[in-house]
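Some notes on the structure that comes next.
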Amino acid sequence: MKTENVSRTVLAAGVGAVLAATALLYAPEIAPGLFDDGRPPAPGPAARAVIAAKAGTQASLPDLAALIGDREKWLADHPTDDASWAVLGTAYTERGTRLGDTTYYPRAERALKRSLEVRPAKSGNLDAQLGLGALANARGDWRTARTWGEAVRKEDPKRWSAYPLLIDAYNGLGEYKSAQKALSTLEELRTGGAVSARTAQMYRDRGWREDAVAAALDAVGQAESGAEKAAARARLGDLAWERGEPEEALTEYGKALALVRHHGPSLAGRARALAALGHTDEAVAGYRATLARLPLPEYVLEAGELYQSLGLDGDARSQYELLRTRSWVNAEAVLGLFEADHGDPGAAVRRLKAEWARGHRSVQVADALGWALYRSGQPKEALEYAKRATDEGLRSALFAYHRGEIERAVGEDGPARRHLAEALRINPHFSPLLAPKARKAVALLGDPPDELPEELRAERTEPPKTDVSGAGAASGEAPGAPTPRESPTAGEAG
């Protein structure tokens, strides 16, 4: 599919790490009293959220909701408790991120600013600053997040919860060396499942797949809550999917869903894997369940493209219209890819160039901008960004496909052949719309059979078929020409 899923899960873990730094400040207030025999009472939902925060792990969503309710009630009678305002604001951010519900973000901002009014930053209110940094990350405002995180690190270099925040910010800005340094410091200050998850993400971004899996397995073993273990299992599912193993991915997502029944990333991953395995009816139902639970723009786009590939043009148009009309947060790369492939490539270029000018230079933005430039008829400029996206180390079938098509457009047939074949080696199922086009392009370029996955070599001996959608050189266009826009009646819903 068009987007990776690990980043959203890791961002939620980062917000949880910030919550961990603040929730402890009032733990005794929400778990008072003892049983008659001296045993402490079993922790209630809000107390469980505090316990999870202390361990640096994700709380369950019901426990997180209880924590929010507990602090709202407390603050109604104690409005000058700056620590509780910081906890509440950060909890709002985490809940909004994990539910895909951005209406929590203004509430988070108000609570965190209230904390700073009661106790300003210059008086040492690091918790509110960390909360505002986490909120900025959730909104995709990486520069602001970096500013808050670096301010806290300067004040207290051993405050471990500053480093997950900084890792997210640096990654969003494309400052990968800084992100790696922040991770190294985090590993010195903290251990546990959340840190192993971060390490797995870094290994994955560098292209070290075996190391990423090992670290993700560590995260599963070190998880201290069902929510954290489900996130770790989903991460293993994502890694399996990205290396083209949908059966293994399906197993891992199933394990995550056994722990947290409606785990959004796992619902989406399961639907993606089912589609790759040919269980399209189940995949369609899976995406509908996903979007009812976690309507993130990347999942909306994935669903729309699956529906389009199955000829469900009305359903696809509904998803594409949702992407056009709803206000989304932290979704520029996804929306840019959507416009490039299903809307106005020129608008995609303008959107993504504005994002690049803001300093948001992650590999995701580089890839999307390169593809938008190609789709708008500017392949030479596009190649610069496509190279930047693929040269950082992340092994992405989508990135490789985009680069291969762009190289084909500028007449670099050798590199194009290599990158298109690489996309299919990495994950033959990477997109229900684009993987078939990659196969046709490879056949047209005459890629040697031994450079293809074994199951695709037979296709090399078959003459390329006409692309009835009108896309690509297999339809008789000049090799590498950008795919023309298709009308809805020709298969493009939207």
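Descriptive notes on the structure:
- Hey, GLU252 acidic (Asp, Glu), open to solvent by less than 30 Å² (accessible area, probe 1.4 Å) and modelled with pLDDT of 95 or more or not: yes
- Every residue from the range 220-254 that is part of a helix (DSSP H, G or I), small (Gly, Ala, Ser) and over 18 Å from the mean Cα position of the chain (by Cα): GLY221, GLY226, GLY254
- Residue check for THR97: open to solvent by 60 Å² or more (accessible area, probe 1.4 Å), out of contact with any Gly (no Cβ under 8 Å at 6 or more places or on another chain) and either modelled with pLDDT of 95 or more or not aliphatic (A, V, I, L, M) (or both): no
- Breaking point among (1) open to solvent by 50 Å² or more (accessible area, probe 1.4 Å); (2) of a type in the set (A, V, I, L, M, F, W, C); (3) more than 19 Å from the chain's Cα centre (by Cα), for ALA283: (1)
- Unmet criterion (only one of (1) closer than 25 Å to ASP81 by Cα; (2) part of a helix (DSSP H, G or I); (3) open to solvent by 10 Å² or more (accessible area, probe 1.4 Å)) for LYS158: (2)
- Looking only at residues of the range 67-81 that are crowded, with 19+ Cβ neighbours inside 10 Å and under 32 Å from the mean Cα position of the chain (by Cα), we find that the one that is farthest from LEU257 (Cα to Cα) is ARG71.
- Residue ID - most open to solvent (accessible area, probe 1.4 Å), chosen from residues in the range 100-149 that are among the hydroxyl-bearing types (Ser, Thr, Tyr) and in a helix (DSSP H, G or I): THR147
- Within the range 288-304, the residues that satisfy the criterion of being in a helix (DSSP H, G or I), open to solvent by less than 50 Å² (accessible area, probe 1.4 Å) and under 22 Å from GLY96 (Cβ atoms) are ALA289, THR290, LEU291, PRO297, GLU298, TYR299, VAL300, LEU301, GLU302, ALA303.
- Index of the failed condition, ALA223 passing every other in (1) buried (at least 19 other Cβ atoms within 10 Å of the Cβ); (2) on the phi > 0 side of the Ramachandran plot: (2)
- Checked against (1) surrounded by 24 or more Cβ atoms within 10 Å (Cβ to Cβ); (2) free of Cβ contacts under 8 Å to residues at least 40 places away in the same chain, LYS177 passes all but condition (1).
- Any hit, the range 81-88, residues being touching an Asp or Glu at 6+ places or on another chain (Cβ under 6 Å) and under 28 Å from THR191 (Cα atoms): yes
- Restricting GLU339, GLU332, GLU321, GLU384 to those that are over 25 Å from ASP101 (Cα atoms), open to solvent by 30 Å² or more (accessible area, probe 1.4 Å) and not aliphatic (A, V, I, L, M) reduces the list to GLU384.
- The range 182-214, residues that are open to solvent by 10 Å² or more (accessible area, probe 1.4 Å), without any contact (Cβ under 8 Å) to a residue 60 or more places away in the chain, hydrophobic (A, V, I, L, M, F, W, C) and under 20 Å from LEU165 (Cβ atoms): LEU189, MET202
- Residue list for the range 271-280, restricted to those being more than 17 Å from LEU301 (Cβ to Cβ) and either open to solvent by 10 Å² or more (accessible area, probe 1.4 Å) or touching a Ser or Thr at 6+ places or on another chain (Cβ under 6 Å) (or both): LEU277, GLY278, HIS279, THR280
- Pairs where the first residue, in the range 135-147, is more than 14 Å from GLU355 (Cα to Cα) and the second is β-branched (Val, Ile, Thr) and buried (at least 24 other Cβ atoms within 10 Å of the Cβ), C-beta under 6 Å, 6+ apart: LEU135/THR93; ALA138/THR93; ALA138/THR97
- Members of the range 405-445 found to be assigned to a loop (DSSP other than H, G, I, E, B), open to solvent by 30 Å² or more (accessible area, probe 1.4 Å) and farther than 21 Å from ALA372 by Cβ, listed by number: HIS429
- Taken as a whole, the condition of being under 25 Å from PRO436 (Cα atoms) and β-branched (Val, Ile, Thr) does not apply to VAL329.
- The residues of the range 357-381 that are open to solvent by less than 30 Å² (accessible area, probe 1.4 Å) and either hydrophobic (A, V, I, L, M, F, W, C) or without any contact (Cβ under 8 Å) to a residue 40 or more places away in the chain (or both), listed by number, are VAL363, VAL365, ALA366, ASP367, ALA368, LEU369, GLY370, TRP371, ALA372, LEU373.
The values are calculated or read from the model by the stated rules, or taken from the named source; none is laboratory data. Since this is a predicted model, take the numbers as computed values, not measurements. Glycine also receives a Cβ, built like all others from the backbone with ideal geometry; neighbour counts cover every protein chain displayed. Surface accessibility is based on the protein's heavy atoms, side chains included, excluding ligands, DNA and RNA. Shrake-Rupley method; radii C 1.70, N 1.55, O 1.52, S 1.80 Å.
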